[in-house]
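Read through the structure below, which is laid out as structure tokens, and then see the notes.
The values are calculated or read from the model by the stated rules, or taken from the named source; none is laboratory data. Values in this document were obtained by computation on a predicted structure and should not be read as measured data. So basically every Cβ, Gly included, is an ideal-geometry build from the backbone, and we count neighbours across all protein chains shown. Side chains are part of the model used for accessible areas, which takes the heavy atoms of the whole protein and leaves out ligands, DNA and RNA. Shrake-Rupley method; radii C 1.70, N 1.55, O 1.52, S 1.80 Å.
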Amino acid sequence: MSETSHGARYKYCGTCEYWSGPRQPDTFAKTVRFSSAEKGKCLGKFKGHLKRGGERCSSWVTWAVVR
């Protein structure tokens, strides 16, 4: 799995509250590490559809762990 780190405010599924895929916040909760290709269920706008960590959508909400 090729991981990437993005700032918590970047609007990718991997940094969204509604994405259920695997990810890890950094020590200071400023960035989130996830694979752009890894899939997880969307629990928001796309209700149950598999979305890749690197995708975006208009219903993005900051992941609570990094708020």
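Here is how the numbers come out for the structure above:
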read-out: Single residue of Cys42, Cys13 found to be modelled with pLDDT of 95 or more and in contact with a His (Cβ under 6 Å, 6 or more places away or on another chain); value: Cys42
read-out: Checking Ser5 against (1) open to solvent by less than 40 Å² (accessible area, probe 1.4 Å); (2) in a strand (DSSP E or B); (3) of a type in the set (Gly, Ala, Ser), the condition it does not meet; value: (1)
read-out: Matching residues in the range 14-54 - criterion: being of a type outside the set (Gly, Ala, Ser), open to solvent by less than 60 Å² (accessible area, probe 1.4 Å), touching a helix residue (DSSP H, G or I) at 6+ places or on another chain (Cβ under 7 Å) and part of a loop (DSSP other than H, G, I, E, B); value: Arg23
read-out: Hits in the range 43-67 - residues which are under 17 Å from Val32 (Cα atoms) and hydrophobic (A, V, I, L, M, F, W, C); value: Trp60, Val61, Trp63, Ala64, Val65, Val66
